[in-house]
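*Asks:* One structure follows; several queries about it will come next.
The values are calculated or read from the model by the stated rules, or taken from the named source; none is laboratory data. In this text, all values refer to a predicted model and were calculated from it rather than measured experimentally. Neighbour counts run over all protein chains shown; Cβ positions are idealised from the backbone, glycine included. These accessible areas exclude ligands, DNA and RNA; they are computed on the full protein's heavy atoms, side chains included. Shrake-Rupley method; radii C 1.70, N 1.55, O 1.52, S 1.80 Å.
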Amino acid sequence: MENGLITPFTVHIEDSALHDLRRRLATTRWPDELTGAPWAYGADLATLRRMTDYWRDGYDWRAAEAGINRLAQFRTEIAGSGVHFIHERGVGPAPMPILISHGWPGSFVEMLELVPLLADPARFGGDAADAFDVVVPSMPGYGFSDRPTAPGMTPVAMAEIFAGLMASLGYARYGVQGGDWGATVSTWLAKFYPERLSGIHLNWIPGGLQPAVGGEAPVLSAAEGAFCARMAWQAAHGVSTHTGIHGSRPQTLGYGLNDSPVGLAAWLIDKFRMLADCGGDVESVIPLDWLLTNVSVYWFTETITSAIRLYKEAQAAPLKFCVGERILPPLGFAAFPGEVAVPPREWVARVYDVRRWTKMQRGGHFAAMEQPQILAEDIRAFFRPFREQPR
Amino acid sequence: MIEPFKIEIADAVIDDLKSRLRGTRFPADFGNDDWDYGTNGAYLQELVRYWAEEYDWRAHERAMNAFSHFRTVIDEIPIHFIQARGNGPKPMPLIMSHGWPWTFWDLQKVIGPLTDPAAFGGDADDAFDVIIPSLPGFGFSTPLTTPGVNFSRTADIWVTLMQRLGYETFAAQGGDFGAFVTAQLGHKYAQKTLGIHIHLAGPLGMISGNMPDASMFGPGEENWEAGNAAFLEQESAYSRLQATKPQSLAYALNDSPAGLAAWILEKRRRWSDCGGEVERRFSKDDLCTTMTLYWVTQSMGTSARFYAEAKRHPWRAAHDRQPVVEAPTAVLLFDKDIVKLPRRWAEKYYNLQRWNVSATGGHFVPMEEPGILVQDVRTFFRTLR
């Protein structure tokens, strides 16, 4: 594919891959489990069996595929890397372009419900004046984007690729939105191209954010001190252990996850359950079909290893800021109550120009899947003042 | 009740293993010649090919069955062990505890020299009755479905096992997690334990975060602290994972033999004194035998859980006397091992009678440096007979 050439793309997985998946699911060798300890040592056996039995016998990938393909998708090549993306034109008088970046263990699949809400608000009881031209790329190494073939695909490199994507689509000025790794990529975009961004909306403050502290920087507030202490304790006690293994020896883990669909499902669904605002019942907030569509995309595209290598690559590009170094575009932040770590506003304001800080009523780390409606409303409200007036 | 046991893996299990290996979906790997991202893809593919096409499990199974194996159940926990009788005037009973990701078969090279020294150029007076159990949840000590079986509990089980075998007092030896089992024997059961020999030293509460003060490192140990810190920083994510969510990992590693191999292989290469060439310390057959043992016994999940049990059920002192480990103790450290604690600390913590540091060898001592281990074990326990 030539640089800049944009070609329509339709997801189509071969029958042979579907058969192979079913065969592997049918021949799974299950581990045993301790008696009476569901989820205590990680993904629960009975739940996993039920979910993956359904994956094999009830779940309809072709229906999921058709759902994905209802959104307009394309592929193009940016800086030598093939990028897959959704591009839904807004329905309204003056749609504003917006780039939405996903993270791990999600994929572009996270955004399937959010995209129509943003592109065509009037259809869902909103105001057509709030319409967006929505661009949702698969991050390099994820979904139907190319997997990197050399080290160095950091969030910084991804930000450059996404900036190139928006430029090739003819968008000189746009908003960005993201959670998880997508929040990191969005932040780098805002850092490098403040003149292109009308605003940055996040539903997660990057865990690796290191604002300036000490010296000439403002004194830590009590809330900031408590937040830093909590983060240090979590780091020392290995609370989010997947980041440790992803960040050090991801390839070692990748072999098993790329060869065993049940192993992959366990690894991903455990994180969805841990990070969603679900009280331990992930299916109460994210339908099983959606969870399995996300797992299926990782399985069929064989991207789990390239995806988790991002944690190691990202270490080469820490989000570290000096005194006075700022992210210039205005920030809107949707603080979901089930999110694992929401820093105090003053901590975020050390780096970002915080214009809006919404305490959301419900929802966790996967806001676009868990609470697409209220996330869409917050995105619309935040960007409303920054829209260019219709000509 | 102790029953003789023979290792006889069904053909169907071996055929299924080969078929899975041949059908492996390998992820791409790149920029990883130094294994910095984890297990190198090209090496793993070659090993998986060898495992499926050339490796002869039956030959190794026969070698294992040349020893006397038994199974028994202690506190509802299945325990497999080798018992090899000594050939000498008065063999001393010695229970040897392996580690992770090891199996009982990592002790294969020392059984002969320790039970029958005269046949290996030694003195028959140095003979031992050697008992090599599989740790609970490892190898043929499966399935383990009881929660809470940590290394302290394992030491209790070992005492019962030795009693059943008629050994009221005995010597103990171990490395990795086996060193903790062994040290716990020397702590809680000092009256029964004639002496302990370990090649990994560490406070029994180490996995709960108790480490000796930096000021304890003395002459010749200048680089150790930095080495320990580097291991914790770069190589210990597996341990934090296994200590928290071993079950989330178990699904993939119990279903994908290549995934299992990658998980074990990285540690075998990183932790041994192999200079980055794993086959300098382990032949392909050695590696495939270890992996086959984990695969056919479906024990990766429960073996990884041993970390979680150590973390969730922190070590509790059986008494507050000093030294913590009252049994006479020999520590034999290896320069390339992953964690090395200072002698000055060991002198306080153990009833330390012997201290040696080997310039060669890494973490997998009985496979890497069986000769050095055998010599040190004989010399130390000679003083306690």
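*Asks:* Dipole of chain A, Cα-centred, from +1 at each Lys and Arg C-beta and -1 at each Asp and Glu C-beta, to the nearest 20 debye?
*Replies:* 580 debye
*Asks:* Let me know the longest stretch in chain A that avoids all GluC sites (Glu not before Pro) found in a DSSP loop with at most 12 other C-beta atoms within 10 Å.
*Replies:* Details: sites that count: A:Glu2, A:Glu14, A:Glu195, A:Glu216, A:Glu325, A:Glu388.
After excluding every exposed loop site, the longest remaining stretch is A:15-194.
*Asks:* Too long at a 30 Å Cα-Cα cut-off: which of B:Lys109/B:Lys348; B:Lys245/B:Lys340; B:Lys245/B:Lys267; B:Lys6/B:Lys245; B:Lys90/B:Lys348?
*Replies:* The pairs that break the limit, which is 30 Å between Cα atoms, are B:Lys109/B:Lys348; B:Lys6/B:Lys245; B:Lys90/B:Lys348.
*Asks:* Using only the alpha carbon atoms of the stretch A:281-365, find the Kirkwood hydrodynamic radius as the inverse mean reciprocal pair distance, in angstroms to one decimal.
*Replies:* 16.2 Å
*Asks:* Within the stretch B:175-318, what whole-number % of the accessible surface is contributed by carbon and sulfur, with the 1.4 Å probe and all protein chains included in the calculation?
*Replies:* 47 percent
*Asks:* Cut-off 10 angstrom, C-alpha nodes, Gaussian network model of chain A. Which of A:Arg173, A:Arg309, A:Arg249 fluctuates the most?
*Replies:* A:Arg249
*Asks:* Could you tell me the total accessible area buried at the A-B interface, probe 1.4 Å, in square angstrom to the nearest hundred?
*Replies:* Summed over both sides, the interface buries about 4800 Å².
*Asks:* Compactness ratio of the stretch B:67-199: Cα Rg over 2.2 N^0.38 Å, N = residue count?
*Replies:* 0.99
*Asks:* To continue, here is another question. With both bridge residues required to lie in the stretch A:1-121, what share of the DSSP beta bridges run antiparallel, to the nearest 5%?
*Replies:* Bridges in the stretch A:1-121 are about 90 percent antiparallel.
*Asks:* Could you state the per residue volume, in Å³, of the convex hull enclosing the Cα atoms of chain A?
*Replies:* Values: hull volume 56.2 nm³, N = 391.
It comes to 144 Å³ per residue, whole-number rounded.
*Asks:* Which of these, A:Phe227, A:Phe144, A:Phe162, has the largest mean-square fluctuation under a Gaussian network model of chain A (Cα springs below 10 Å)?
*Replies:* A:Phe227
*Asks:* Using helices alone, I'd like the mean residue ellipticity at 222 nm for chain A: each DSSP H run of four-plus residues gives -39500 (n - 2.57), total over residue count, nearest 500.
*Replies:* Rounded to the nearest 500, the figure is -12000 deg cm²/dmol.
*Asks:* Rounded to the nearest 20 Debye, what is the dipole magnitude of the protein assembly as shown about its Cα centre when Lys and Arg each give +1 and Asp and Glu each give -1 at the C-beta?
*Replies:* Working: 73 positive and 88 negative charges, 215 e Å.
So the magnitude is around 1040 debye.
*Asks:* Let me ask another. Pull up all non-local amide H partners of A:Glu77: gap of 5 or more, or a different chain, and H-to-H distance under 5 Å with H placed in the peptide plane.
*Replies:* Distant-sequence amide H within range of A:Glu77: A:Gly4, A:Leu5, A:Val83.
*Asks:* Right, next: As an exercise, identify the chymotrypsin sites (Phe, Trp or Tyr not before Pro) in the stretch A:290-366 lying in DSSP coil whose Cβ has no more than 10 other Cβ atoms within 10 Å.
*Replies:* Nothing satisfies the criteria.
*Asks:* Taking K and R as +1 and D and E as -1, what net charge do the other residues with C-beta under 15 Å from the C-beta of B:Pro323 add up to?
*Replies:* +3
*Asks:* Let me ask you something else. Working only with C-alpha atoms, what are the Rg and Dmax values of the protein assembly as shown, expressed in angstrom?
*Replies:* 28.7, 103
*Asks:* Within 10 Å of each candidate Cβ there may be at most 15 other Cβ atoms; applying that plus a DSSP loop requirement, which trypsin sites (Lys or Arg not before Pro) in the stretch B:320-376 survive?
*Replies:* Passing both the DSSP loop test and the Cβ count: B:Arg321.
*Asks:* Using a 1.4 Å probe on protein heavy atoms, which residues of the stretch A:310-346 have at least 40 Å² less accessible area in the complex than alone?
*Replies:* A:Lys312
*Asks:* Where the accessible area of the stretch B:37-99 is counted over protein heavy atoms with a 1.4 Å probe, how much of it, in %, is carbon and sulfur?
*Replies:* Looking at the stretch B:37-99 in its full context, I get 48 percent from C and S.
*Asks:* With only alpha-carbon pairs counted, each pair once and no self-pairs, how large is the Kirkwood hydrodynamic radius of the stretch A:249-391 in angstroms? Show your work: numbers first, answer last.
*Replies:* On the way: mean 1/r = 0.0562 Å⁻¹.
Here the Kirkwood hydrodynamic radius works out to 17.8 Å.
*Asks:* When every alpha-carbon pair in the stretch B:161-235 is counted, what percent end up more than 20 Å apart?
*Replies:* 44 percent
*Asks:* Kindly provide the trypsin sites (Lys or Arg not before Pro) of the stretch B:1-98 that DSSP labels as loop, not H, G, I, E or B, and whose Cβ sees at most 11 other Cβ atoms within 10 Å.
*Replies:* Within the stretch B:1-98, the qualifying trypsin sites (Lys or Arg not before Pro) (loop, at most 11 other Cβ atoms within 10 Å) are B:Lys6.
*Asks:* Also, I was wondering about something else. In a Debye calculation with equal point scatterers on the alpha-carbon sites of the stretch A:174-321 and no solvent, what is log10 I(q)/I(0) at q = 0.11, 0.17 Å⁻¹?
*Replies:* Log10 I(q)/I(0), no solvent term: -0.56, -1.23.
*Asks:* Here is a further query. Only Cα pairs within less than 10 Å get springs; with that Gaussian network setup on chain B, which residue of B:Gln184, B:Gln173, B:Gln375 has the largest fluctuation?
*Replies:* Evaluated over chain B, the most mobile residue of the options is B:Gln375.
*Asks:* Let me ask something additional. Tell me, what HN-Hα J-couplings in whole Hz come from the Karplus equation 6.51 cos²θ - 1.76 cosθ + 1.60 at θ = phi - 60° for each residue of the stretch B:138-152, using x for Gly and Pro?
*Replies:* Computed from phi, the couplings for the stretch B:138-152 are 10, x, 8, 8, 9, x, 10, 10, 8, x, x, 7, 9, 5, 5 Hz.
*Asks:* Name the residues of the stretch B:30-55 whose accessible area, probed at 1.4 Å, falls by at least 50 Å² once all protein chains are in place instead of their chain on its own?
*Replies:* B:Phe30, B:Asp36, B:Tyr37
*Asks:* Skipping prolines and chain starts, which residues have an amide H placed within reach, meaning under 5 Å, of the one on B:Phe282, given they are 5 or more residues away or on another chain?
*Replies:* none
*Asks:* Turning to a different aspect of this structure: If amide hydrogens are placed 1.01 Å from N in the peptide plane, which non-local residues have theirs closer than 5 Å to the one on B:Asp129?
*Replies:* It is B:Gly86, B:Met92, B:Leu94, by chain and number.
*Asks:* Any idea of the accessible area per residue across chain A, 1.4 Å probe, to the nearest Å²?
*Replies:* Spelled out: the 1.4 Å probe surface of chain A, per residue, equals 36 Å².
*Asks:* Could you report the stretch B:1-101's accessible area per residue, 1.4 Å probe, as an integer in Å²?
*Replies:* Accessible surface, normalised per residue, equals 47 Å².
*Asks:* Can I ask one more? Quick check for me: using +1 on Lys/Arg Cβ and -1 on Asp/Glu Cβ, what's the dipole size of chain B about its Cα centre, in debye to the nearest 20?
*Replies:* Roughly 920 debye for chain B.
*Asks:* Can you list the lysines whose alpha carbon is less than 16 Å from that of A:Lys191, not counting same-chain residues fewer than 8 positions off?
*Replies:* Hits, sequence-local ones excluded: A:Lys320.
*Asks:* Using the reciprocal of the averaged 1/r over all distinct C-alpha pairs, how large is the Kirkwood radius of chain B in Å?
*Replies:* Averaging 1/r across every pair of different Cα atoms and inverting gives 21.1 Å.
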